[in-house]
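Peer 1: Structure incoming, see below.
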Amino acid sequence: MDDEKKAGILIVDDNPANLDVLVDYLEDSGFRIFVSTSGERAIQQLEHIKPDIILLDIMMPGMDGFETCRYLKEKKATRHIPIIFMTALSETVDKVRGFYMGASDYITKPFQQEEVLVRLTTHLTIQRQKKELAALNAKFFKTNTELYEANRRLSESNAAKDKFFSVIAADMRSLFFYLLNLSDSLADTASGCDCKNIEELAWSVRDSVRQAYHLMENLLHWSKVQIGVAEFQPRKLNLHEVISKNILLMTDMAKQKEIDLSHTVESDMSVYADANMTDTILFNLISNAVKFTHKGGEAEVTARFPDSDEKKFVEIAVSDTGIGIRGSDIPKLFRLNEKFKKLGTAGEKGSGLGLLLCKELVETLRGKIWVESEVGKGTTVRFTLPCTGK
């Protein structure tokens with residue numbers, strides 16, 4: 001095949017020697033390969049070359065992969081080139097942050113050559129189909145602005161859905177791989193009648209299943225909000241009942257850590273909100289309060305009418321006596337492009353998406369959310385919900 005007709009791939013990695021085998025494999029597969037050793041150098045090269053796709057390493061000195069991707073997506077000449085991140089990172093927030101910056105996909109190190117080839121081929125096919133579709137739209141629907149806009153929105157919606165399902169699938173796969181290993185260990189231990197180890201493994205399996213389910217719920221809720229398909233059915237809710245139910249769900253975990261978990265919400269207090277969204281907000285915030293509070297601490301949910309509000313909104317607060325957060329880190333809690341994750345006081349893990357999801361849902365319900373915290377003394381997360389549908 002004429003070199004000019006081969007698809008071009010720009011590989012950006014500060015240690016290209018590690019990619020020799022991958023480069024040889026892709027060249028043998030019929031691609032033209034360009035290599036750059038830094039984000040800055042890649043930007044310079046792209047003034048002279050026009051690859052069909054970019055493989056971009058995340059962890060590079062100087063201008064890292066996230067910053068390089070953001071820069072390329074802001075430039076008219078390069079914003080349409082698909083970018084696939086190459087990463088050894090496994091956290092959900094890192095992957096979602098990559099998509100937020102404009103990446104089309106990611107591949108994990110160490111590489112599986114066949115997987116790399118399949119992903120490249122898939123995105124090159126999608127890119128070609130986009131160009132063909134754009135040409136058809138320009139030809140047949142040039143005068144029909146409304147239809148063209150509807151098609152664009154549909155394409156974006158499908159792309160967003162695919163990205164979030166990709167994240168969900170990858171993280172659920174990791175969690176269930178861990179569960180499979182635990183199950184094997186549990187079976188082996190059971191055959192030796194080691195009751196103490198069986199109990200420890202059983203608790204680990206239970207905690208991992210809860211983590212997997214909570215991760216899946218958060219990601220599904222958040223993805224629905226992002227692509228505009230979240231169900232929204234506001235109605236009058238008894239706040240006392242809703243909070244009591246969500247505290248009950250966390251009672252076992254609180255007892256394990258000897259945490260006093262309670263609420264002081266009056267029995268006749270109500271809000272006008274979607275029940276599922278309100279449950280999701282409260283469960284995430286109460287779960288965080290228990291997670292980040294030391295053994296023997298306290299966590300409490302309260303609610304009040306702001307003095308100047310004339311009972312238009314209720315202010316709900318979830319407070320704990322836990323580890324607290326530095327003031328400079330508080331803004332990061334609600335930013336997708338900022339990574340801020342901590343283990344709980346008993347080593348509990350999380351996806352890092354809980355507060356992001358709460359912010360999206362609170363704002364959907366016409367409320368506000370904010371955090372007050374002091375390191376070593378505890379955290380209070382406050383949010384408002386309307387009392388009426390007006």
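Peer 1: Considering only segment 7-28, state which residues are closer than 17 Å to THR108 by Cβ and either small (Gly, Ala, Ser) or at pLDDT below 85 (or both).
Peer 2: ASN15, ASN18, LEU19, VAL21, LEU22
Peer 1: If you scan segment 245-265, which residues turn out to be within 27 Å of ARG235 (Cβ to Cβ) and in contact with a Leu (Cβ under 8 Å, 6 or more places away or on another chain)?
Peer 2: ASN246, ILE247, MET250, THR251, VAL265 - these are the residues of segment 245-265 that are within 27 Å of ARG235 (Cβ to Cβ) and in contact with a Leu (Cβ under 8 Å, 6 or more places away or on another chain).
This table checks each residue for (1) β-branched (Val, Ile, Thr); (2) within 20 Å of GLY102 (Cβ to Cβ); (3) touching a residue at least 12 places away in the same chain (Cβ under 8 Å).
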site	(1), (2), (3)
GLY8	no, yes, yes
VAL35	yes, no, yes
GLY39	no, yes, yes
ALA42	no, yes, yes
ILE49	yes, yes, yes
ASP52	no, yes, yes
PRO61	no, no, yes
ASP64	no, yes, yes
LEU72	no, yes, yes
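Peer 1: Restrict the check to segment 65-88 and report whether at least one residue is acidic (Asp, Glu), at pLDDT 90 or above, touching a Gly at 6+ places or on another chain (Cβ under 7 Å) and not in a loop (DSSP other than H, G, I, E, B).
Peer 2: yes
Peer 1: Mind listing just one residue for me: the one in segment 252-274 that is of a type in the set (Gly, Ala, Ser) and under 23 Å from VAL362 (Cβ atoms) and, of those, surrounded by the most Cβ atoms within 10 Å (Cβ to Cβ)?
Peer 2: Applying the filter and picking the extreme gives ALA273.
Peer 1: Please work out which residue is modelled with the lowest pLDDT, limiting yourself to segment 333-390 and to residues that are in contact with a helix residue (DSSP H, G or I) (Cβ under 6 Å, 6 or more places away or on another chain) and among the small types (Gly, Ala, Ser).
Peer 2: SER351
Peer 1: If a residue must be surrounded by fewer than 16 Cβ atoms within 10 Å (Cβ to Cβ) and in contact with a strand residue (DSSP E or B) (Cβ under 6 Å, 6 or more places away or on another chain), how many such residues does segment 4-22 contain? Even if it seems obvious, please write down each step before you answer.
Peer 2: Taking segment 4-22 first, the residues surrounded by fewer than 16 Cβ atoms within 10 Å (Cβ to Cβ) are 4-6, 15-18, 20-21.
Imposing the further condition that a residue be in contact with a strand residue (DSSP E or B) (Cβ under 6 Å, 6 or more places away or on another chain) reduces the set to 6, 16.
Residues in segment 4-22 being surrounded by fewer than 16 Cβ atoms within 10 Å (Cβ to Cβ) and in contact with a strand residue (DSSP E or B) (Cβ under 6 Å, 6 or more places away or on another chain): 2 in total.
Peer 1: Here's something else I'd like to know. Look at segment 360-384 and say how many of its residues are free of Cβ contacts under 8 Å to residues at least 24 places away in the same chain and on the phi > 0 side of the Ramachandran plot.
Peer 2: Summing the residues that are free of Cβ contacts under 8 Å to residues at least 24 places away in the same chain and on the phi > 0 side of the Ramachandran plot in segment 360-384 gives 1.
Peer 1: Right, another one. Just a yes or no: is a residue in segment 73-81 of a type in the set (Asp, Glu), out of contact with any His (no Cβ under 6 Å at 6 or more places or on another chain) and either under 17 Å from LEU124 (Cβ atoms) or surrounded by fewer than 20 Cβ atoms within 10 Å (Cβ to Cβ) (or both)?
Peer 2: yes
Peer 1: Report yes if some residue within segment 37-48 is hydroxyl-bearing (Ser, Thr, Tyr), in contact with a strand residue (DSSP E or B) (Cβ under 6 Å, 6 or more places away or on another chain), surrounded by 15 or more Cβ atoms within 10 Å (Cβ to Cβ) and at pLDDT 90 or above; otherwise report no. Give the derivation first.
Peer 2: Filtering segment 37-48 for residues hydroxyl-bearing (Ser, Thr, Tyr) gives 37-38.
Still in the running and in contact with a strand residue (DSSP E or B) (Cβ under 6 Å, 6 or more places away or on another chain): none.
No, that holds for no residue.
The values are calculated or read from the model by the stated rules, or taken from the named source; none is laboratory data. Not measured: the values here are computed from a predicted model. Cβ sites come from the backbone with ideal geometry, for glycine too, and all protein chains shown count toward neighbours.
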